Amino acid sequence: MHSYAQRSGWLARRSLVPIAVLAAAMALTPATASATPDTSAVDAAGPAAASVPGDPPLPEYPGLTPKVGTSAAVSTTPLPCADNGSDKTMRRAEAITRARSWLSVGGVPYSQSRCYENRYGDYRTDCSGFVAMAWGLGGIGNGFWTGNLDTRSHPIARSDLQPGDALLRHTGNTSENHVALFVKWGNSARTTPVVIEQTGSSGTIERTWTSSYAGLYTPVRYDKIAEDVSSEDIPVSGDWNKDGIDTIGVFRPSTSTWYLRNTNSGDATIIFKFGHGPSGDIPVVGDWNKDNIDTVGVFRPSESTFYLTDGTTSLDHQFIFGHGPSGDIPVAGDWNKDNIDTVGVFRPGNSTFYLTDGTTSLDHQFIFGHGPSGDIPVAGDWNKDYIDTVGVFRPGNSTWYLTDGTTSLDYQFIYGHGPSGDIPVPGDWNKDDIDTPGVRRPGNNTVYLRNANSAGGVDEQFIYGI
């Protein structure tokens, strides 16, 4: 009964919102800034900045054959490096692009006493200067070393490593201190990382570390890293097999294909085509025929038309409701306790929900949420009264606002992280007849589910979709 979407500028869970609006909301809130960075070590120009220790090249780089021949033909300058302004919020893909800018010139020669400047700033050409450049760290470009990168980052679990994170080793022994940028895993077991690093023997290189060597390093994440937002799979949720538990699925617009499964583990077991993603179709899910099985549908904004199926590919219901050109975002639910889900739309321009108990009649109209704030509509049975009501997820502050009626604010809590591109997808995850929050994070294709309508920890977490 639940759908959420992200599609060429739209999002939905039984609903959707323009990605342009979400992007604006994301721009208002720094992404993934878990703490206010301490810039005291690098913001002051002059001798203090120049005296920050460097990281000498390691005596050896295990598994790496030193480069033979001339160094890369790039121009470098003596210390001090220029001031790079303030710390930047950095998307993962951008961090990798920045790192590859040193590779693309043939590699930058390693030096603790030189700086290299390109369009991304002016940074010292040692390992920590390289990572500082990739992350977009502010202040003097020679103001960082392995001993103070922890003022801009925090440790993470090795299993959580994602592109743009780093592997850091600082033991106090200059023959061991080193840092490298994580690119991806080199094997399916996720034990051999592929990194880009600044090395004393070969300059800037990309290579795969052994698991034993990687084990000497601590995985860390830049405090202002931001998740990349994918525009492909759109998450939905529903009870596909009449077992009383909602599970996650996705709609892939590029191929108009649905990938569903009856448990939140394993591969998709129900795969079919319905709708036409390239036409801008936004997915919806509900029990359209009172058989206690959720099936799918789409809302086509260009036609303001819903197309619903009681199975997988048959077109069983087609009707006009709402006004797609006004930015209407579809929702679905059982608004009148007749055990049949019907549709509705949320119009961000006036923050108004328009719901029908049938197909074309306007049976419920009320204001809830604040569309101009980028609110994404949601629907569910929040209190086990067997009537679905609405709510919104506000990406700018990662907050859910839910009502048990039409305009009363009955639940307000933070869950997920809107600035990371989280897409809300509520459902009944534990068969208690209460819908609770979930989000899918496009940057890592991970779904985070919670079994209560309140702030708190994750009860279930898994990767699904692309």
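Considering the stretch 408-420 alone, what residues qualify as being surrounded by fewer than 21 Cβ atoms within 10 Å (Cβ to Cβ) and modelled with pLDDT under 95? HIS417, the sole residue that qualifies.
Just so you know, in the stretch 421-442 the residues that are crowded, with 24+ Cβ neighbours inside 10 Å and part of a loop (DSSP other than H, G, I, E, B) include one that is modelled with the lowest pLDDT, and it is GLY421. Scanning the stretch 106-121 for residues that are crowded, with 19+ Cβ neighbours inside 10 Å, of a type outside the set (Phe, Trp, Tyr) and either free of Cβ contacts under 8 Å to residues at least 24 places away in the same chain or not in a loop (DSSP other than H, G, I, E, B) (or both) gives ARG114, CYS115, GLY121. Being in contact with a Leu (Cβ under 7 Å, 6 or more places away or on another chain), closer than 21 Å to GLU232 by Cβ and at pLDDT 95 or above is not true of GLY344.
Right, ILE320: of a type in the set (A, V, I, L, M, F, W, C) and under 21 Å from the mean Cα position of the chain (by Cα) or not? Answer is no for this residue. Read through the list (1) buried (at least 18 other Cβ atoms within 10 Å of the Cβ); (2) assigned to a strand (DSSP E or B); (3) out of contact with any Cys (no Cβ under 6 Å at 6 or more places or on another chain), then give the number of the only condition that VAL194 fails. Here VAL194 meets the rest and fails (1). Quick one: is SER201 part of a loop (DSSP other than H, G, I, E, B) and in the same structural domain as ILE96 (by TED's automatic domain parsing)? Spelling it out, SER201 is indeed part of a loop (DSSP other than H, G, I, E, B) and in the same structural domain as ILE96 (by TED's automatic domain parsing).
Of all residues in the stretch 251-263, those that are at positive phi have Cβ atoms under 6 Å from Cβ atoms of residues that are of a type outside the set (Phe, Trp, Tyr) and in a strand (DSSP E or B), 6 or more apart or on another chain, in SER256/LYS273.
The values are calculated or read from the model by the stated rules, or taken from the named source; none is laboratory data. Given the structure is predicted, the values throughout are model-derived calculations rather than measurements. Virtual Cβ from ideal backbone geometry, glycine too; neighbours counted across all protein chains shown.
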